[in-house]
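Comments concern the structure below.
The values are calculated or read from the model by the stated rules, or taken from the named source; none is laboratory data. Note that this is a predicted model, so its numbers are computed, not measured. Counting neighbours? That spans all protein chains shown, and the Cβs are built from the backbone with ideal geometry, glycine included. The protein model used for the area step is the full one, side chains on, heavy atoms only, and it has no ligands, DNA or RNA in it. Shrake-Rupley method; radii C 1.70, N 1.55, O 1.52, S 1.80 Å.
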Amino acid sequence: MTEFVSCIEGLIAVLEAEDDAVLMLERSNIIYTNAASQKRGLLPDATGTPGFLFKRFLEWQSRHADAQGPTEVDLTGEDGQVTTARFIRLPNDLSILRLPGRRAAEGERIIRRRLLDLALDSISQGVQLFDADYRQVAWNRAFEAMGVFPPECLEENYKLFDAYALMAKRGVFGPGGPEAQAREHIDVIKSGNAKRFETIRTPHGRTIEVNRTYLPGGGIAAILTDITDRLATEAELRQAQKLEAIGHLAGGVAHDFNNALAVIIGNLERIRDHHDYDPELDEFFNPIMAAATRSADVTRQILAFSRKEALQPKRLRLPKLLSRMSDMLDRLFEGTIDIDRQWHDGGEIHIDPSLLESAIHNIALNARDAMPDGGTLSIAVTRRDISAREASDFDMLRPGPYVLITMSDTGHGIPKDLLPKVFEPFITSKNSAGGSGLGLSMVHGFMRQSGGHVSIDSTEGAGTAVTLYIPCPAETNEQPPRIADTAPEREHRDGKSVLIIEDNIELMALVENILISFDFEVETACTGQSAIELARNGVQIDAIVSDVKLAGDLNGPETVRHLNAIIGEVPVLYMSGYSEDSLLSEGIIRNGVKLIGKPFRRREFGHAVKACFGG
């Protein structure tokens, strides 16, 4: 008996030294506890009320009365921490409940926290977790990097509402009273209503979207997404759509104006070529022709903005073009502005030289107006190969070699609020009398149509730099066609009959006059349908001159297809105030068609007729 008692005493001594809490039960009654049990919320208090964890165990036992062998039981304490206990049923209604000690529980908690941190850090979005009392319990590295919470708030158990008050004081929620803003956000969170999204700005200028999820049993999971780049892309898309809409409007107006200019210029040439023309009238005639020519240049620039201008690209080198413009630039600045010429030869480029000169002139004008008290304009020419990755950062730019011309002034710069809008038409930082606001928008349209790009950097009080990215031509051995400088000879065409299809009566009359002067017989039609009726009535048609975009149901190419079905294929010369590229992109014409742009000179039209109809 003495040995048995000694054995029991030894066992009790071991259990008393244990860090684990051990209880022996008879049914639901505690018949033995060790010292560690006192610290784990297991034993009844002075009033006889069972401890919190022990009550959780009794609830589990009532649901699992038939549990036999060793069983693990998850018990949730008052602090929300989960403890895994071990339950062993013994004979004679006896059982043992063993809970891991503080050290073991702490080790298990650390392991679980590390696993949680690893899982959260694998998420690219910011994640922040709060318990039912709005205390911060976890967050990931992406959340830290966003800078939404002040660094001093990034600690466990920090109250969400205290952090919001501090954030409001620092202007994270925008302008307004910090206390009212913090209270508004706190009320939204406490209400738990459907308004779970909000947008905030970090001190670094990033825009963050916050999505709050209310967890079962209390607590909040906040998912934060940096939407700065997405908003910038959406803004660029809206800007592109706006420019496209304005471009369609400007292109339509310029096209109609080109028709009028074609009539004006064509008839002025007829007057001058008339045998009764008095040279003394040059005093009046020449300014009119010059004004009409300048107007044609303006419509070219407007069409360049809308990317519907008929470009005339050539191979050239920038230093040579800039040297030709040198005197003009000196006169423009009248000695008040120094020009730093860094005209390195970057190789050949492929671009319309007259429109490039116009673009450079527009940028130089802006630089002059930005330096009323003088300064320096640097013009640098360099070469750069744009990689596919770099090209994705530019608007519609293809990878490949480019020659860059950068024009940097030391002027007053562009206001920060205007900088994102500088390529919109009618946007200007000058006073009402200083500029139309069309210059840079035309440069932008011209560069895009030419397969290039324009970028602008500006700092108020420091100056502005505009860079044109001009594509280098593809390697080819083809020689550009030579065009004669003299007007085509008048020659008899053996009575060939040309059908003119044009909905502008004045322009039709001008084209008819030119063709008659070349000894063609002429038939005319104002619409596609009327042209088809002429063919069906047996009118002789040996060739066709047609506008591309006609009034009525049929455009020029559609009308020609109907005519070919009736009379067979004949030579066709199209006319349009739009560029061949824009008509091709819209699917109106096909590659290889003969096209002359409006307005045209009599000589140009004569060359086109000769090339199209032979001879």
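This table checks each residue for (1) surrounded by 11 or more Cβ atoms within 10 Å (Cβ to Cβ); (2) among the β-branched types (Val, Ile, Thr); (3) at pLDDT 75 or above; (4) out of contact with any Ser or Thr (no Cβ under 6 Å at 6 or more places or on another chain).
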{"site": "Ala194", "(1), (2), (3), (4)": "no, no, no, yes"}
{"site": "Phe197", "(1), (2), (3), (4)": "no, no, no, yes"}
{"site": "His204", "(1), (2), (3), (4)": "no, no, yes, yes"}
{"site": "Val210", "(1), (2), (3), (4)": "yes, yes, yes, yes"}
{"site": "Gly217", "(1), (2), (3), (4)": "no, no, no, yes"}
{"site": "Ile220", "(1), (2), (3), (4)": "yes, yes, yes, yes"}
{"site": "Ile227", "(1), (2), (3), (4)": "yes, yes, yes, no"}
{"site": "Arg238", "(1), (2), (3), (4)": "no, no, yes, yes"}
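Among residues of region 362-402 being of a type in the set (Asp, Glu) and under 17 Å from Val422 (Cβ atoms), the one that is farthest from the chain's Cα centre (by Cα) is Asp369.
Do we have any residue at all in region 42-59 that's assigned to a helix (DSSP H, G or I), at pLDDT below 70 and in contact with a helix residue (DSSP H, G or I) (Cβ under 8 Å, 6 or more places away or on another chain)? For region 42-59, residues assigned to a helix (DSSP H, G or I), at pLDDT below 70 and in contact with a helix residue (DSSP H, G or I) (Cβ under 8 Å, 6 or more places away or on another chain): absent. Of the residues that sit in region 125-136 and are more than 38 Å from the chain's Cα centre (by Cα) and surrounded by 16 or more Cβ atoms within 10 Å (Cβ to Cβ), which one is nearest to Gly219 (Cα to Cα)? Once the filter is applied, the top-ranked residue is Asp131. You will find that of Leu322, Leu365, the residue that is part of a helix (DSSP H, G or I), over 27 Å from Asn258 (Cα atoms) and at pLDDT 85 or above is Leu322 and no other. Would you check if there is a residue in region 371-388 being farther than 26 Å from Pro473 by Cα and open to solvent by 70 Å² or more (accessible area, probe 1.4 Å)? Yes. Scanning region 307-319 for residues that are over 23 Å from Phe423 (Cβ atoms) and at pLDDT below 80 returns a single hit, Gln312. Which residues, counting only those in region 495-529, are surrounded by fewer than 14 Cβ atoms within 10 Å (Cβ to Cβ) and under 51 Å from the mean Cα position of the chain (by Cα)? If the condition is that a residue be surrounded by fewer than 14 Cβ atoms within 10 Å (Cβ to Cβ) and under 51 Å from the mean Cα position of the chain (by Cα), then Ile505 is the only one that fits. A search for C-beta distances below 9 Å between a residue of region 54-81 that is open to solvent by 50 Å² or more (accessible area, probe 1.4 Å) and any residue that is assigned to a helix (DSSP H, G or I) and at pLDDT below 80, counting only pairs 6+ apart in sequence or on different chains, returns Thr76/Leu53; Glu78/Phe52; Glu78/Leu53; Gln81/Ala105; Gln81/Arg109. When region 60-100 is limited to residues that are among the charged types (D, E, K, R) and outside any loop (DSSP other than H, G, I, E, B), the one that is farthest from Ala36 (Cα to Cα) turns out to be Arg63. Evaluating Asn140 against the criteria (1) exposed (fewer than 13 other Cβ atoms within 10 Å of the Cβ); (2) over 25 Å from the mean Cα position of the chain (by Cα); (3) at pLDDT 70 or above leaves one unmet condition, (1).
Taking first residues from region 147-164 that are touching a residue at least 24 places away in the same chain (Cβ under 8 Å) and partners that are open to solvent by less than 20 Å² (accessible area, probe 1.4 Å) and part of a loop (DSSP other than H, G, I, E, B), the Cβ contacts under 9 Å between residues at least 6 apart in sequence or on separate chains come to Gly147/Thr202; Val148/Val172; Val148/Thr202; Ala163/Phe149; Ala163/Pro150.
Please determine whether any residue of region 559-577 is in a loop (DSSP other than H, G, I, E, B), at pLDDT below 80 and of a type in the set (A, V, I, L, M, F, W, C). Within region 559-577, none of the residues are in a loop (DSSP other than H, G, I, E, B), at pLDDT below 80 and of a type in the set (A, V, I, L, M, F, W, C).
Looking across Ala487, Ala433, one residue alone is in contact with a helix residue (DSSP H, G or I) (Cβ under 6 Å, 6 or more places away or on another chain), part of a loop (DSSP other than H, G, I, E, B), among the small types (Gly, Ala, Ser) and modelled with pLDDT under 50. It is Ala487. Among the criteria (1) crowded, with 22+ Cβ neighbours inside 10 Å; (2) farther than 19 Å from Val498 by Cα, the one Leu554 does not fulfil is (1).
Is it true that Ile339 is part of a helix (DSSP H, G or I), modelled with pLDDT of 80 or more and surrounded by 13 or more Cβ atoms within 10 Å (Cβ to Cβ)? In short, no. If you check Gly411 against the conditions, is it over 30 Å from Leu231 (Cβ atoms), open to solvent by less than 70 Å² (accessible area, probe 1.4 Å) and modelled with pLDDT under 80? Taking the combined requirement at face value, the residue does not satisfy it.
Here Gly552 meets each of (1) out of contact with any Phe, Trp or Tyr (no Cβ under 7 Å at 6 or more places or on another chain); (2) on the phi < 0 side of the Ramachandran plot; (3) free of Cβ contacts under 8 Å to residues at least 60 places away in the same chain with one exception, condition (2).
Each residue in region 342-354 was checked for being touching a Ser or Thr at 6+ places or on another chain (Cβ under 8 Å) and buried (at least 20 other Cβ atoms within 10 Å of the Cβ), and 3 of them qualify.
If the condition is being assigned to a strand (DSSP E or B) and of a type in the set (D, E, K, R), then region 383-409 contributes Arg383, Arg384, Asp385, Asp409. Number of residues in region 368-382 that are of a type in the set (S, T, N, Q) and either farther than 22 Å from Thr336 by Cα or assigned to a loop (DSSP other than H, G, I, E, B) (or both): the value is 1.
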